[in-house]
Amino acid sequence: MKTKVLITAANGNTGFPTALELLRLGVEVRAFVRNPNSEKATQLKRMGAEIFVGNILDIRDVRKSLIGIDRVYFVPTYPNLLFQGSVFLSALGDSQVDHVVLLTQWLSSNTHYSVYTKEHWLVDDMFKRSALNLTILNPGLFGFVYFLTPEPLAQFGMLPDFGENAPPSNEDIGQVAAHILNDPAAHRDKTYRVTGKEVLSAQQMAQIISNVLKRKVKVAQLSEKMILKVMKASGLPKRDASQVRYYIKEGHHAKVWSQNAPTSVVRDIVGKEADDFETLVRTYLLPHPMAKQTFTNKLKALKLMVRAVFTKSWDLEAYEKEQGMPLFSNMGFSAASEEWQREHLSSDLHGVVPVKSSS
């Protein structure tokens with residue numbers, strides 16, 4: 001009987017390429033999605049995946065999705081990350097699943113300013129303390145994040161500075177997950193730091209984008225306030241923006257995205273070189289309609305920037321309190337935490353850290 005793998009968030013950034021690679025490897029896939037009519041779900045069904053439609057927050061749906069499943073790629077998603085993790089771990093206790101690959105984030109810390117980061121740490125810790133055979137993927141700032149606001153980037157040549165990074169592609173993360181799930185024996189109880197091919201400064205990234213677009217791109221040293229105004233004008237969620245501001249600060253002050261990078265995880269597990277930044281530009285920016293310089297696109301970008309200038313800034317401190325986010329004394333950035341350093345900076349040259357229960 002063939003191995004059957006459940007992919008959560010199968011329409012998502014890493015779930016979709018994980019499902020594609022598993023199907024290519026001949027593994028049976030059950031894709032957990034909310035919208036079965038999406039382009040990605042339709043493609044997965046056409047390629048032979050079983051589509052499971054459900055609510056990842058509803059333990060009844062999760063239990064059903066796990067029937068007959070051998071292995072799982074679990075991607076807890078915002079904004080209910082901790083609730084999802086608790087529900088899924090509870091449902092796993094009644095299943096026959098023999099291996100789980102869990103996606104977390106590089107900053108995962110229990111004292112970070114960001115509620116997302118604190119919740120990642122709690123989910124990680126719960127899974128580590130379970131009896132599951134577990135592999136954790138621990139990427140830093142994803143490559144696609146650099147292209148979330150293509151209007152100022154492609155039309156005015158303004159690249160935000162998130163600090164030095166070796167940004168991984170969604171496709172590489174997905175392929176690493178797929179190859180582990182296909183043959184997990186050597187990967188049990190390990191954490192992998194998935195990175196892109198090389199560490200680059202914002203200036204080096206801007207030059208690569210310039211070369212691909214064949215127009216000048218410069219690093220825009222925007223204030224945090226202005227970055228948030230652009231995010232608001234672009235319609236990005238307020239809750240996400242409230243957390244992203246911490247990641248921008250940490251990237252600048254601690255160079256946290258470039259620590260323990262690059263690694264050879266993609267090459268070691270998938271058998272190919274990790275995608276370089278030029279590949280990311282050609283994958284995530286170049287196909288976007290806004291990448292073409294036209295009068296209409298320039299006008300759209302100009303309207304966005306004017307709207308951003310006159311947009312009232314969010315009061316994110318008040319928002320976090322209103323939302324009941326866990327705010328307490330002595331919070332700090334991950335790189336300043338001794339516990340985070342023990343958990344994350346003890347990897348070998350291949351980006352591997354043993355999974356251990358926290359004390």
Could you tell me whether any residue of segment 105-120 is touching a residue at least 40 places away in the same chain (Cβ under 8 Å), of a type in the set (A, V, I, L, M, F, W, C) and surrounded by fewer than 21 Cβ atoms within 10 Å (Cβ to Cβ)? no
Taking segment 75-99 and keeping residues within 19 Å of the chain's Cα centre (by Cα) and in a loop (DSSP other than H, G, I, E, B) leaves 75, 76, 77, 78, 79, 80
Based on this model, can you work out whether residue 279 counts as surrounded by 15 or more Cβ atoms within 10 Å (Cβ to Cβ), in contact with a Gly (Cβ under 6 Å, 6 or more places away or on another chain) and among the β-branched types (Val, Ile, Thr)? no
Looking for something aliphatic (A, V, I, L, M), under 21 Å from residue 169 (Cβ atoms), touching a strand residue (DSSP E or B) at 6+ places or on another chain (Cβ under 8 Å) and buried (at least 19 other Cβ atoms within 10 Å of the Cβ) - is there at least one such residue anywhere in segment 245-258? no
Please verify whether segment 327-334 includes one or more residues that are at pLDDT 90 or above and not in a loop (DSSP other than H, G, I, E, B). yes
Only residues that are closer than 19 Å to residue 67 by Cβ and among the hydroxyl-bearing types (Ser, Thr, Tyr): list them for segment 1-21, please. 3, 8
Taking residue 242 as the residue in question, decide whether it is closer than 30 Å to residue 298 by Cβ, hydroxyl-bearing (Ser, Thr, Tyr), assigned to a helix (DSSP H, G or I) and open to solvent by less than 60 Å² (accessible area, probe 1.4 Å). no
Tally time: how many residues in segment 202-226 are open to solvent by 30 Å² or more (accessible area, probe 1.4 Å), assigned to a helix (DSSP H, G or I) and not polar (S, T, N, Q)? 4
Kindly evaluate residue 130 against the criterion of being hydroxyl-bearing (Ser, Thr, Tyr), surrounded by fewer than 17 Cβ atoms within 10 Å (Cβ to Cβ) and farther than 22 Å from residue 240 by Cα. yes
Need pairs with beta-carbon distance below 7 Å; first residue closer than 12 Å to residue 167 by Cα and part of a helix (DSSP H, G or I) and within segment 257-281, second open to solvent by 60 Å² or more (accessible area, probe 1.4 Å) and at pLDDT below 95; sequence gap 6+ or separate chains. 257/164; 258/164
Would it be correct to say that residue 307 is free of Cβ contacts under 8 Å to residues at least 12 places away in the same chain and outside any loop (DSSP other than H, G, I, E, B)? no
Regarding residue 180, is this residue touching a strand residue (DSSP E or B) at 6+ places or on another chain (Cβ under 7 Å) and either open to solvent by 10 Å² or more (accessible area, probe 1.4 Å) or modelled with pLDDT of 95 or more (or both)? yes
Just to be sure before I move on: is residue 199 among the β-branched types (Val, Ile, Thr), on the phi < 0 side of the Ramachandran plot and surrounded by 21 or more Cβ atoms within 10 Å (Cβ to Cβ) in the structure I sent? no
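The values are calculated or read from the model by the stated rules, or taken from the named source; none is laboratory data. This one's a predicted model, so the numbers in the text were calculated from it and none came from an experiment. Ideal geometry is used to build each Cβ from the backbone, glycine not excepted, and the neighbour counts take in all protein chains shown. The area values use the complete protein model at the heavy-atom level, side chains included, leaving out ligands, DNA and RNA. Shrake-Rupley method; radii C 1.70, N 1.55, O 1.52, S 1.80 Å.
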